[in-house]
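The values are calculated or read from the model by the stated rules, or taken from the named source; none is laboratory data. Please read all numbers here as calculations on a predicted model, not as lab measurements. Don't worry about glycine lacking a Cβ; one is built from the backbone with ideal geometry, like all the others, and counts go over all protein chains shown. Heavy atoms of the whole protein, side chains included, go into the accessibility calculation; ligands, DNA and RNA do not. Shrake-Rupley method; radii C 1.70, N 1.55, O 1.52, S 1.80 Å.
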Amino acid sequence: LVVEARVEDLDLTLFDYQLKNDGVIEVGLNRHVAEIGQLKLRGEGTQLGLTGSVSLHDNTIDVNATGDANLGILQGFFRNLRSSGAATLTAGVTGSLEQPVFSGTATINDGRIRYFPMPRSLDEINGTVSFDAGGVRLDNVAATLGGGAVTFGGRIAMNGFVPGEFSLTATGERTPHR
């Protein structure tokens with residue numbers, strides 16, 4: 001079975017985040033392999049390109065993403081989270097669908113993450129996050145919490161496509177009240 005598809009107009013709402021295609025989308029299915037020939041998405045603060053393939057027979061993936069992404073898209077994947085800001089992304093995911101291996105970087109600019117169970121949000125998030133076989137690595141990612149500066153480091157292991165074990169450090173400074 002060989003299937004080739006060309007989508008000229010895509011209007012997608014991922015929870016409350018709107019995405020549209022930027023050019024013709026070309027995807028195919030050939031001998032149990034789903035192939036992304038051309039897939040460019042745009043939305044508020046997002047210009048993202050995807051390429052690669054997923055083997056349905058072998059349960060393997062080889063997909064790459066490059067471009068700019070609005071961090072608001074994270075809200076679609078995590079219900080207890082509100083986010084904003086921008087990230088410049090160059091990333092890939094390879095290997096089996098059960099144990100994917102991530103690679104690449106995301107440079108965050110003026111990010112904000114509000115995790116509802118926590119009393120305060122992380123604001124003014126800036127820095128580079130790296131992806132590798134061990135998961136997600138933070139090196140000197142700066143932010144503010146409750147008005148004070150905080151710097152994060154460490155690693156977040158991945159269990160498939162979801163975060164697993166956290167091994168993070170946070171160093172902060174208290175802002176004096178006036």
Requested in this report: Please find, within region 108-123, the residue that is nearest to residue 83 (Cα to Cα) out of those that are out of contact with any helix residue (DSSP H, G or I) (no Cβ under 9 Å at 6 or more places or on another chain) and either assigned to a strand (DSSP E or B) or of a type in the set (Ser, Thr, Tyr) (or both).
Outcome: 114
Query raised in the report: Which of the residues spanning region 31-46 are assigned to a strand (DSSP E or B), modelled with pLDDT under 95 and open to solvent by 60 Å² or more (accessible area, probe 1.4 Å)?
Result: 38, 42
Query raised in the report: Is there a residue being at negative phi, open to solvent by 60 Å² or more (accessible area, probe 1.4 Å) and hydrophobic (A, V, I, L, M, F, W, C) anywhere in region 169-176?
Result: yes
Report summary line: When restricted to 88, 105, the only residue under 30 Å from residue 21 (Cα atoms) and either without any contact (Cβ under 8 Å) to a residue 24 or more places away in the chain or assigned to a loop (DSSP other than H, G, I, E, B) (or both) is 88
Query raised in the report: Is it true that residue 117 is exposed (fewer than 15 other Cβ atoms within 10 Å of the Cβ) and closer than 29 Å to residue 43 by Cα?
Result: yes
Query raised in the report: Hey, residue 158 hits all of (1) in contact with a Ser or Thr (Cβ under 6 Å, 6 or more places away or on another chain); (2) under 16 Å from residue 65 (Cβ atoms); (3) not polar (S, T, N, Q) but one; which does it fall short on?
Result: (1)
Requested in this report: May I ask you to list the residues in region 68-85 that are touching a residue at least 24 places away in the same chain (Cβ under 8 Å) and either closer than 12 Å to residue 45 by Cβ or assigned to a strand (DSSP E or B) (or both)?
Outcome: 69, 70, 71, 72, 73, 81, 82, 83, 84, 85
Query raised in the report: Are there any pairs, at least 6 apart or on different chains, whose C-beta atoms fall under 9 Å, with the first in region 127-149 and open to solvent by 60 Å² or more (accessible area, probe 1.4 Å) and the second of a type in the set (D, E, K, R), and if so, which?
Result: 137/155; 145/120; 145/123
Report summary line: All conditions in (1) in contact (Cβ under 8 Å) with a residue 60 or more places away in the chain; (2) closer than 19 Å to residue 85 by Cβ are true of residue 160 except (2)
Requested in this report: Go over the candidates 80, 64 one by one and state the one that is of a type in the set (S, T, N, Q) and surrounded by 15 or more Cβ atoms within 10 Å (Cβ to Cβ).
Outcome: 64
**Report entry** Candidate set from region 49-61 (those that are open to solvent by 50 Å² or more (accessible area, probe 1.4 Å) and assigned to a strand (DSSP E or B)); member that is farthest from residue 91 (Cα to Cα)
**Finding:** 60
